[in-house]
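*Asks:* Please find one structure pasted underneath; my questions will follow.
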Amino acid sequence: LWRGRDAGAKVILGSATPSLESWYACQQGRYQRLDMPSRIAAAALPSVHLVNMRQQPKSTVFAPALLQAITERIQRGEQSLVLLNRRGFAPVLWCGDCGWKSDCPHCSAHQVFHKGERRLRCHHCSASQAVPRHCPHCGNPDILALGHGTEQLQEALEQVLRNVQRPDGQPARIGRMDADTTQGAGQLQAQLAHIHDGSVDVLVGTQMIAKGHDFRRITLVAAVQPDGALFSSDFRAPERLFALLMQAAGRAGRDAAYMAAQGTPCEMWVQTFHPQHAVYEALRKHDYEAFAAQQLQEREEAAMPPFSYQALVRADARTQEVAQGFLSAATAAAHAAQLPGLPDGTVILFPPVPLSIQRVANVERAQMLLESSSRATLQRFLAAWQPVLQATRSQTDQKGLIRWLVDVDPLAI
């Protein structure tokens with residue numbers, strides 16, 4: 001937007017799931033809204049099936065009805081897409097005897113089990129090690145893999161669909177696309193080519209397969225474990241989940257002529273423990289407007305963006321004490337200098353706290369949130385505060401501080 005304004009150019013923002021800030025800007029008349037009420041060539045939107053996992057056995061990965069639907073698609077020569085936004089085989093290894101977990105020695109996170117490589121790998125700092133043959137703490141040889149990743153889903157589908165045949169009599173082929181399978185040069189293009197030419201019957205992948213691809217033969221999309229985002233501490237998590245699921249649903253039934261020739265409707269399956277949640281109710285109706293209205297009402301009541309303006313100051317240091325100490329010292333200096341917005345309370349500085357993953361690659365990370373009902377007031381405060389931050393950084397007692405940064409309109413908190 002700034003570049004368009006600077007160059008005197010028109011700016012077009014295009015999305016099936018615009019951000020709530022952009023949607024609200026349309027309602028306020030800042031943007032001109034242009035609607036595309038139907039899909040290209042009048043293709044039908046997929047019907048959404050919500051599977052209540054509370055009614056399934058405890059260890060169920062794929063509901064029988066979903067497996068039956070995938071099987072029928074394979075037998076008709078159609079393709080299916082299975083979405084799980086977690087790569088690897090399992091998020092963590094765990095010892096049931098002593099409680100040991102495959103924690104990363106350099107981060108506040110678990111090392112993920114990658115079965116094909118027999119490695120534990122941290123997805124934050126890339127540290128890796130061989131999978132232990134027994135528990136490093138108590139020697140228990142029975143270490144359990146907790147949770148599911150795309151690698152495990154691929155293996156499970158290969159097992160349950162091993163006797164399912166394509167129309168040409170060949171066995172079903174299960175593919176996987178995530179950051180692990182597309183690292184090498186040309187691997188992403190090769191995998192996409194396999195999908196487009198029909199060499200893959202079921203594609204398992206992370207969010208990288210959910211947006212922007214034009215898969216002509218995919219008629220079924222399934223989201224296996226999407227509930228985690230419903231209870232995130234980040235107020236934007238429901239918006240991101242809804243956008244991801246809407247975009248994933250858009251991969252099904254894109255070719256109207258192909259769907260007409262097949263004679264069956266395209267489908268979106270969602271396995272959830274909370275089928276009555278507002279996110280899924282709006283998804284079932286493909287009703288972005290209702291979802292946006294509900295979310296904007298909640299945000300207005302809580303004075304969250306776009307009804308307020310935020311900035312995030314982050315500090316990285318050798319210890320959490322130094323990181324939070326720097327932010328606390330900078331806050332005290334701002335109050336002592338009576339910077340704009342502080343005396344009248346139009347700028348609110350929240351106390352510093354650790355990030356959800358507070359240590360990455362042996363660097364401790366802390367953050368503090370700033371809020372104001374006026375963007376201009378917040379910008380004036382930040383402009384006046386920057387020299388104070390620089391001065392605080394140069395103090396001798398902040399030698400353990402590595403870096404600090406200011407993020408205006410942060411997308412993740």
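*Asks:* Identify all residues within region 134-155 that are aliphatic (A, V, I, L, M) and modelled with pLDDT under 95; write none if there are none. Full working, then the answer.
*Replies:* Here is the first cut: in region 134-155, the residues aliphatic (A, V, I, L, M) are 143-146, 153.
Residues satisfying the conditions are Ile143, Leu144, Ala145, Leu146.
*Asks:* Follow-up. Given the structure, is Ala243 closer than 21 Å to Pro167 by Cα, among the small types (Gly, Ala, Ser) and outside any loop (DSSP other than H, G, I, E, B)?
*Replies:* Working: closer than 21 Å to Pro167 by Cα: no; among the small types (Gly, Ala, Ser): yes; outside any loop (DSSP other than H, G, I, E, B): yes.
The answer is no for Ala243.
*Asks:* A further question follows. Kindly indicate which of Leu339, Leu296 is of a type in the set (A, V, I, L, M) and touching a strand residue (DSSP E or B) at 6+ places or on another chain (Cβ under 9 Å).
*Replies:* Numbers: Leu296 fails: touching a strand residue (DSSP E or B) at 6+ places or on another chain (Cβ under 9 Å).
Unique residue meeting the criteria: Leu339.
*Asks:* Looking at Ser80, Ser108, Ser102, which one is open to solvent by less than 30 Å² (accessible area, probe 1.4 Å), in contact with a strand residue (DSSP E or B) (Cβ under 6 Å, 6 or more places away or on another chain), among the hydroxyl-bearing types (Ser, Thr, Tyr) and within 24 Å of Gln207 (Cα to Cα)? Spell out how you get there, then give the answer.
*Replies:* On the way: Ser108 fails: open to solvent by less than 30 Å² (accessible area, probe 1.4 Å); Ser102 fails: within 24 Å of Gln207 (Cα to Cα).
Criteria check complete, one pass: Ser80.
*Asks:* Which one of these is in a loop (DSSP other than H, G, I, E, B) and open to solvent by less than 20 Å² (accessible area, probe 1.4 Å): Gly198, Gly169, Gly175? Show your work before the answer.
*Replies:* Numbers: Gly169 fails: open to solvent by less than 20 Å² (accessible area, probe 1.4 Å); Gly175 fails: in a loop (DSSP other than H, G, I, E, B).
Exactly one of Gly198, Gly169, Gly175 is in a loop (DSSP other than H, G, I, E, B) and open to solvent by less than 20 Å² (accessible area, probe 1.4 Å), namely Gly198.
*Asks:* Right, something else. Specify which of the listed residues (Arg375, Arg380) is in contact (Cβ under 8 Å) with a residue 60 or more places away in the chain and not β-branched (Val, Ile, Thr).
*Replies:* Working: Arg380 fails: in contact (Cβ under 8 Å) with a residue 60 or more places away in the chain.
Checking each option against the conditions leaves just Arg375.
*Asks:* Find the residue count for region 302-343, including only residues that are within 27 Å of Arg380 (Cβ to Cβ), of a type in the set (Asp, Glu) and open to solvent by 10 Å² or more (accessible area, probe 1.4 Å).
*Replies:* Selection size over region 302-343: 0.
*Asks:* Evaluate the following for Arg251: is it crowded, with 16+ Cβ neighbours inside 10 Å and under 18 Å from Ala69 (Cβ atoms)?
*Replies:* Details: crowded, with 16+ Cβ neighbours inside 10 Å: yes; under 18 Å from Ala69 (Cβ atoms): yes.
Yes; evaluated as a whole, the condition is true for this residue.
*Asks:* Go through (1) at positive phi; (2) in contact with a helix residue (DSSP H, G or I) (Cβ under 8 Å, 6 or more places away or on another chain) and name the single condition Asp178 misses.
*Replies:* Checking Asp178 against (1) at positive phi; (2) in contact with a helix residue (DSSP H, G or I) (Cβ under 8 Å, 6 or more places away or on another chain), the one that fails is (1).
*Asks:* Does Ala65 satisfy the condition of being in a helix (DSSP H, G or I), among the hydrophobic types (A, V, I, L, M, F, W, C), exposed (fewer than 14 other Cβ atoms within 10 Å of the Cβ) and touching a strand residue (DSSP E or B) at 6+ places or on another chain (Cβ under 7 Å)?
*Replies:* In short, yes.
*Asks:* Hey, among Arg54, Arg3, which residue is part of a helix (DSSP H, G or I), open to solvent by 80 Å² or more (accessible area, probe 1.4 Å) and in contact with a Pro (Cβ under 9 Å, 6 or more places away or on another chain)? Reasoning before the result, please.
*Replies:* Working: Arg3 fails: in contact with a Pro (Cβ under 9 Å, 6 or more places away or on another chain).
Just a single option satisfies the conditions, and that option is Arg54.
*Asks:* Let me spell it out: the conditions are (1) over 23 Å from the mean Cα position of the chain (by Cα); (2) buried (at least 17 other Cβ atoms within 10 Å of the Cβ); (3) of a type in the set (Lys, Arg), and Arg118 meets all of them except one. Which number is the exception?
*Replies:* (2)
Yes/no matrix, rows are residues, columns are (1) at pLDDT below 95; (2) more than 30 Å from Ala237 (Cβ to Cβ):
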| residue | (1), (2) |
| --- | --- |
| Leu369 | no, no |
| Ser372 | no, no |
| Ala376 | no, no |
| Gln379 | no, no |
| Leu382 | no, no |
| Ala391 | yes, yes |
| Lys399 | yes, yes |
| Ala412 | yes, no |
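*Asks:* Would you tally the residues in region 372-382 being open to solvent by 70 Å² or more (accessible area, probe 1.4 Å) and part of a helix (DSSP H, G or I)? Reasoning before the result, please.
*Replies:* Filtering region 372-382 for residues open to solvent by 70 Å² or more (accessible area, probe 1.4 Å) gives 373, 375, 379-380.
The next check asks that each one be part of a helix (DSSP H, G or I); those that pass are 375, 379-380.
Count: 3.
*Asks:* Regarding region 356-370, can at least one residue be identified that is among the basic types (Lys, Arg) and farther than 30 Å from His106 by Cα? Spell out the reasoning first.
*Replies:* Of region 356-370, the ones among the basic types (Lys, Arg) are 359, 365.
Those left that are additionally farther than 30 Å from His106 by Cα: none.
Among the residues of region 356-370, not one is among the basic types (Lys, Arg) and farther than 30 Å from His106 by Cα, which makes the answer no.
The values are calculated or read from the model by the stated rules, or taken from the named source; none is laboratory data. Keep in mind that what you see is a predicted model, and the values were worked out from it rather than measured. As a convention, Cβ positions derive from the backbone with ideal geometry for all residues, glycine included, and neighbour counts pool all protein chains shown. Quick note on the areas: whole protein, heavy atoms, side chains included, nothing else; ligands and nucleic acids left out. Shrake-Rupley method; radii C 1.70, N 1.55, O 1.52, S 1.80 Å.
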